[in-house]
Every structure is written in structure tokens, then in C-alpha cells.
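Notes follow once the structure below has been shown.
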Amino acid sequence: MTAPRNGSPLHDSLVDELGRAIVDGAQAPGSRMLTVEIAERRGVSRSAAREAVRVLESFGLVWVRRKSGVEVRPRADWNVYAPEVIAWRLDGPGRDEQLRELSQLRAAIEPLAARLAAGGATAAQKVDLVSLVVEMGQEDHEADRERYLAADVRFHRLLLEASGNAMLAALGDTVEAVLRGRTEHDLMPHIADQNAVQWHRDVAFAVASGDADGAAAAMRDIVSEADQAMQRASR
């Protein structure tokens, strides 16, 4: 779980600046910073610098060492599920690797979630899934815009929740970060792939009818198409 951001533009800007520097490799693992130096170099208060460091610590990016300052941690220690870390990796030199890892993760968890949802989704969740694919169909001519993205995000979050598995549901932020990253980094076509739109419908109706195999198969198609499309767009 990630630490909440406090909403202050200055605070969030400092977290973003420091986080990006670490994720991009400008601050190498093992390098050290002093909170007072962070504050002085960026023209912020020491309390603002300390709070930003606490957020980075919650992401596993740094250790706070008594009497020796803030030490950058190796990548193996990062909370790679944190949406902020995902966003920084997508926006930096590690984008291709991050896209590959996210696609592999989705391929593992979302077909399983669809299969479980077909056996355990509530009546209300089934209705909502169908409503969301209708909404996506209405916006598929502007698939790289916020309205389509919002419906797509809600669809995938709801599917994870409908699985009835709390650990799968907890990955909703991670999957949302993937979907938002695809749009924000111009990896989403303006007009949605109609096969992908249809596969979303297939998932929704398979879940609604209790067809576990059909739901899992359609979700595998969705994840595979998204992976291939992002690879093409990022070349």
C-alpha cells in the first residue's frame, strides 16, 4: 500500500522530482542525500523535504539512516505495484521493460479474475459490467480520451472486485495505472480496436451467464491485444 499524498502542489512536485530521479537512475542505489540539502537545493522547508522523503520511503525507494541521511535503495526493494512508481517507470527510460512486466502481470491475474467472477459476481456487479461495456461502445470512436478510459478503468476494477478474491481486488490500482499510462503516453489508438471492444462485451456477458471458460478466454484476448498494440505504438 502506498502512502497518501497530501495534495499540496509543492509537496507532490518534490515527491515526483525525487522519485523520478531514483527510478530513472539519476540517483543511483547506495547514494545518499541529506534532508537539509534536499530542502536547500529545491527551496523548500525542511518539514516539506522530510514529508517527501517519508513518501519515498513508503515506496521502498529510500532508507532513512540515523545520522547518515537518506540512502537510495536498490530496485529489488521498490514497491513496484505503487501507481506512482509505475507512472515514473512508464515516463522514463525503463518504459519498455515496465510495459512488458505489466502485460505479463495482467496475463496472469485478469483471466483468473474473469473466471472467478463468472462463478461469484453479484447480480449488481453483472449489471454494472454490462452497462460499462455499453458505455465503452458509445465512446469507442474516442478511445484515447478520458470518457472511454474512465469506463475501461471501472470495468477492469469491477472485474477484479467481482472475483471475490481480496488480493486480486487489491491490484485495481496497478491495473488502472497500466490503462492510464497507455492513454497518457499515446499508446492508445484514437479509434478503439473493435475486436477488443467485442472481447470486453464477451467477458461481461460470459460473467453474467456464468461461463467461466468463456470469460477467461475473452480476457486473455483483451490482454494479448493490448500488449501487442502497446509494443507496436512504442516502436
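Counting heavy atoms of the protein chains alone, R65 has an accessible area of about 90 Å² for a 1.4 Å probe.
The modelled label-to-label distance between T122 and L10, using points 7 Å beyond Cα along the C-beta direction, is 4.4 nm.
The label-point distance for R32 and L112, in a model that sets each label 7 Å from Cα toward Cβ, rounds to 4.2 nm.
Per residue, the accessible area of the range 9-83 comes to 54 Å² when a 1.4 Å probe rolls over the protein heavy atoms.
If Y81, Y148 are ordered by their accessible area, calculated over protein heavy atoms with a 1.4 Å probe, which sequence runs from highest to lowest?
Working: Y81 110, Y148 10 Å².
Accessible-area ranking of Y81, Y148, largest first: Y81, Y148.
Overall, the accessible surface of the range 63-123 at a probe of 1.4 angstrom is composed of carbon and sulfur to the extent of 53 percent.
Would you mind telling me which residue in A114, A217, A177 has the biggest mean-square fluctuation in a Gaussian network model of the chain, where springs connect alpha carbons within a distance under 10 angstrom? Of the options given, A217 has the highest mean-square fluctuation.
Residue separation times 0.36 nm, minus the C-alpha to C-alpha distance between S224 and R46: what's the value?
On the way: separation 178, 0.36 × 178 = 64.08 nm, distance 4.69 nm.
So the extension gain works out to 59.4 nm.
Please compute, over every Cα-Cα pair in the chain, the percentage with a separation greater than 29 angstrom. When all Cα pairs of the chain are counted, 37 percent exceed 29 Å.
Give me the 1.4 Å probe accessible area per residue for the range 143-215, excluding ligands and nucleic acids, in Å². If you can, show how the numbers build up before the last one.
Numbers: 3250 Å² over 73 residues.
Ligands and nucleic acids excluded, the result is 44 Å² per residue.
Inter-part distance, the range 104-137 to the range 141-203, computed on C-alpha centroids, equals 11 Å.
Of the heavy-atom accessible surface of the range 159-235 (probe 1.4 angstrom), what whole percent is carbon and sulfur?
Values: 1710 of 3580 Å².
The value for the range 159-235 is 48 percent carbon and sulfur by accessible area.
Between D144 and D173, the simple spin-label model (points 7 angstrom out along Cα→Cβ) gives 2.9 nm. Here the contact order of the chain, divided by its residue count and restricted to Cα pairs under 8 Å and six or more residues apart, works out to 20 percent.
The values are calculated or read from the model by the stated rules, or taken from the named source; none is laboratory data. Bear in mind that the values here come from a model prediction, so they are computed numbers and not experimental data. Virtual Cβ from ideal backbone geometry, glycine too; neighbours counted across all protein chains shown. To get the accessible areas, we keep the full protein, side chains included, count just its heavy atoms, and leave off ligands, DNA and RNA. Shrake-Rupley method; radii C 1.70, N 1.55, O 1.52, S 1.80 Å.
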